[in-house]
Amino acid sequence: MNTNPPSSFYVGQKVICIDDSFPPAIIDWCDSLPIGGHIYTIRAIQPGHNSFTGLSNLGFLLVEIVNGTSGWGCEAGFCHYRFVPWLDVCSETERNDAVEPVQLQSAQ
């Protein structure tokens, strides 16, 4: 599990997804999800609520993934513990790798 405190993150920061195991019900809130090992940019940081655990958390909105408005009247963010900061020592090639979000489809 990620041990980075929420205060170590900021808008505009590059992060890597380290936890892309989402519950199936996520399809009710998001059309696209981050993929483990991919690099993203924090677009906004907002307080959130995990409807599965009942705990408050910090949610990230990502530049590379924009989901529609959820049933709560806003775009659902992704919990901070799913990410770690991207290291500046990585090569430019690694930093420029394409990020393709997962597109969810309803099981019918």
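The values are calculated or read from the model by the stated rules, or taken from the named source; none is laboratory data. Just so you know, these numbers come straight off a predicted model, no measurement behind them. Quick reminder, even Gly has a Cβ in these numbers, built from the backbone with ideal geometry, and neighbours come from all protein chains shown.
Looking only at residues of the stretch 3-35 that are of a type in the set (A, V, I, L, M) and not in a loop (DSSP other than H, G, I, E, B), we find that the one that is nearest to Val66 (Cα to Cα) is Leu33. In this structure, Leu58 does not qualify as closer than 19 Å to Ser8 by Cβ, out of contact with any strand residue (DSSP E or B) (no Cβ under 8 Å at 6 or more places or on another chain) and not in a helix (DSSP H, G or I).
Applying the condition of being at pLDDT below 85 and exposed (fewer than 13 other Cβ atoms within 10 Å of the Cβ) to the stretch 7-27 and asking which residue is nearest to Phe83 (Cα to Cα) yields Ser8.
Listed here are the residues, each with its yes/no results for (1) surrounded by fewer than 16 Cβ atoms within 10 Å (Cβ to Cβ); (2) in a loop (DSSP other than H, G, I, E, B); (3) at pLDDT 90 or above.
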{"residue": "Gly37", "(1), (2), (3)": "yes, yes, yes"}
{"residue": "Ile42", "(1), (2), (3)": "no, no, yes"}
{"residue": "Asn67", "(1), (2), (3)": "no, yes, yes"}
{"residue": "Val89", "(1), (2), (3)": "yes, yes, no"}
{"residue": "Ala98", "(1), (2), (3)": "yes, yes, no"}
{"residue": "Gln105", "(1), (2), (3)": "yes, yes, no"}
